[in-house]
1. Give me the log10 of I(q) over I(0) for the stretch 265-402 at q = 0.13, 0.21 Å⁻¹, as the Debye formula computes it from C-alpha points; what are the numbers?
2. Restricted to Cα positions, what overall size does the stretch 561-685 have along the principal axes? Three whole-Å values, descending.
3. Percent relative contact order of the chain, based on C-alpha pairs within less than 8 angstrom and at least six residues apart?
4. Using the Karplus equation 6.51 cos²θ - 1.76 cosθ + 1.60 (θ = phi - 60°), what ³J(HN,Hα) coupling, rounded to whole Hz, does each residue of the stretch 59-75 give in order, writing x for Gly and Pro?
5. In whole Å and largest first, what semi-axes does the C-alpha gyration tensor of the chain yield when each eigenvalue is scaled by 5 and square-rooted?
6. Between the stretch 95-142 and the stretch 617-654, what is the separation of their alpha carbon centroids in Å?
7. Computed over the Cα atoms, what is the radius of gyration of the stretch 1-147 divided by 2.2 N^0.38 Å, N being its residue count?
8. Between the alpha-carbon centers of the stretch 24-63 and the stretch 151-181, tell me the distance in whole angstrom.
Amino acid sequence: MKTFCGRANPTTGAMEWLEEDENYDYHQEIARSRYADMLHDKDRNVKYYQGIRAAVSRVKERGEKAIVLDIGTGTGLLSMMAASAGADFCYAIEVFKPMANAAVKIVEKNGFSDKIKVINKHSTEVTVGPDGDMQCRANILVTELFDTELIGEGALPTYEHAHKYLVQEGCEAVPHRATVYVQLVESKRMWSWNKLFPVHVEAEDGEKIIVSPSEMENCPGVPSVCDIQLNQMPSSDFTILSDVVTMFSVDFSKPVRSASTYYRVQLEPVKSGKAQIVLSWWDIDMDPSGMINCTMAPYWVKSTSAFQWRDHWMQCVYFLPNEEPVLQGEKVYLTACRDEYSVWYKLQKARGEEENKADVCVESPVCRCQAHLLWNRPRFGELNDQNRTRQYIESLMKVLKTDSVCLCISDGSLLPVLAHYLGAKQVQYFFLVAFFFLKFFKANHLEDKIKIIEARPELLTSSHLEDKKISVLVGEPFFTTSLLPWHNLYFWYARTAVTSHLTSNVTVLPQSASLHMMIVEFQDLWRIRSPCGICEGFDVQTMDDMIKNSLNFRESKEAEPHPLWEYPCKSLSDPREVLTFDFRKTVPQHCLSTEGSVNLSRKGKSHGAVLWMEYHLAADIPISTGLIQISNEKGNCEWNPHCKQAVYFFSSVIESETLSDLPSAVTYAINFNTKTGEIAMDFQL
Ligand code: SAH
């Protein structure tokens, strides 16, 4: 069955109705899922298997039958491990229908159909009894319901319910226990993801400082977790202020309470500094003794031998509501508050215990200033990037004249403020989320200087512009609806829509954009889209086929966004400019396409192509949202730390050990359909 789904096209801005197969969401979910990554997570799989074997043995030693409840079975992997370890029966619960279907097939293919019953339900709907889904309560509880924040996927309420209704008292649990660790740090880089730093502008009449409204200073931000590949954060980007301490732990073999609560630890700073960030990660002990441990600890905490790359579990960055100066040796209290699904932190100077208790935070952080709803964390980082701001200032200085009438088209941009300080006579600002910006302009006494137009570009009228023509049109460009790099070409469509309001010799900044492409070998990211075949002796090819089928669900494969600073790769080809977009002209009617081939100049595995945009602000001032540089002879790449790049994974990987057996080139065909704003691409190895 087909259904029509309405959406605003992220590139052209046009409202469009797409005919979607009703399974489209399923396919998206599977194609972009973390199942492949989990199946490639050897460390996790091995330890689960060890933990499950040990739990089954303990139950058998007691002379009991081993009845397993596997909540969130996915491919059925953990149930198959339990059955192989000698469990008498497994109830494998999976709420997501396509996965439950896959689990049935995989279990059958591996010959466990008589030992494993797959139940396509949410665990809280499962019934126990002679006519129920389960004949009796289980005495082994196996789950893998954790996200980077441990509890974000609802592990606590699921465990709470399972202990009440689905498992026996004194059951064995794999994992047995999870422990959450924290470390206090100072980090200008990470702090810049949550606060707007003052922006310094050298104007003709002296230095101007753009400040944020006071609401922003004290705003706790948003509750959503900031999860990153912390192992890619160089130690020079943060200062450790405390030792690693245990914040809290959960024993999964006992009844679990999911109700909101808090935990408190005392920290003795090892260094004086500004406490800004709490870094956090967890580990799980698969058995009660703690001998089988799977940890997410970052590189400076654990030995390299314990290192396993994974993307489904990373590390968390929590922002304290305010930065707090701390002194070496002078104790402070760190409180972790949590509700059913998330955790947040608060730091207090050591005071009387009673006084502190009264002060415990119970409310989860809610953005009061609205900036955190407008700007996500990478966007904060980008706005705080002084080098980038300097480049915009330099370009604006080149194009602005005292009589310039300037129009800015970009979401949540500071460009209008810069343009005003740099001397534009009149600045108009297109913007849909005007409310926050009014406050922002007020804090800088600019509310009468910059006019916010709340209209879509195609609805712009001369009266909005007080009958003036625009002589300078600026944009970063940045739009919150952009997912892939080229979605910001919306600027070009908006520019086209306002053409009748521009002077004949209008200056457009950026004057043009270009799409760049490079063939790469990923150190690890390839795993998330790579078939697994056999996992710990179990045939999971059905899952591989399912992912492949979902990836091919649309005739043309799609590129997907990834922040590559978190995912090391090396370049196998030179970067190549493949398409250019001239913002000085309107969007053409015809498609823009290109074909060619790039030489593979380094040996390695060609996992895919990376694509990114570059903007040419004014002549000679380029800004790359992708590659910054190829840093060494090995081809290691440095990427823009604030942007996601587009990754197109090749369906088959070519591997070359030596330069001589390299296929010399990869041919490509790339087509930008100006009507739909979509980029289609094809690569031949
Ligand atoms: N156990 C598998 C898959 C883990 S992914 C493995 O370790 O490889 C977690 C799975 O749990 C997802 O497929 C999700 O759909 C499912 N899930 C999460 N909470 C659930 C619940 N309460 N009841 C049933 N399924 C759940």
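1. With no solvent term, the Cα-only Debye profile gives -0.87, -1.36.
2. Taking the Cα atoms of the stretch 561-685, the three principal extents are 47, 28, 24 Å.
3. RCO, the chain: 13 percent.
4. So the Karplus estimates, Gly and Pro as x, are 5, 5, 4, 7, x, 9, 6, 8, 10, 9, 10, 10, 8, x, 6, x, 6 Hz.
5. After diagonalising the Cα gyration tensor, the semi-axes are 47, 33, 24 Å.
6. Comparing the Cα centres of the stretch 95-142 and the stretch 617-654, I get a distance of 45 Å.
7. 1.30
8. What the calculation gives is 16 Å, centre to centre.
The values are calculated or read from the model by the stated rules, or taken from the named source; none is laboratory data. Quantities reported herein were computed from a predicted structural model and do not represent experimental measurements. For neighbour counting, all protein chains shown are included, and Cβ atoms are generated from backbone atoms with ideal geometry for every residue, glycine included. Just the protein is used for accessible areas: all its heavy atoms, side chains included, with ligands, DNA and RNA removed. Shrake-Rupley method; radii C 1.70, N 1.55, O 1.52, S 1.80 Å.
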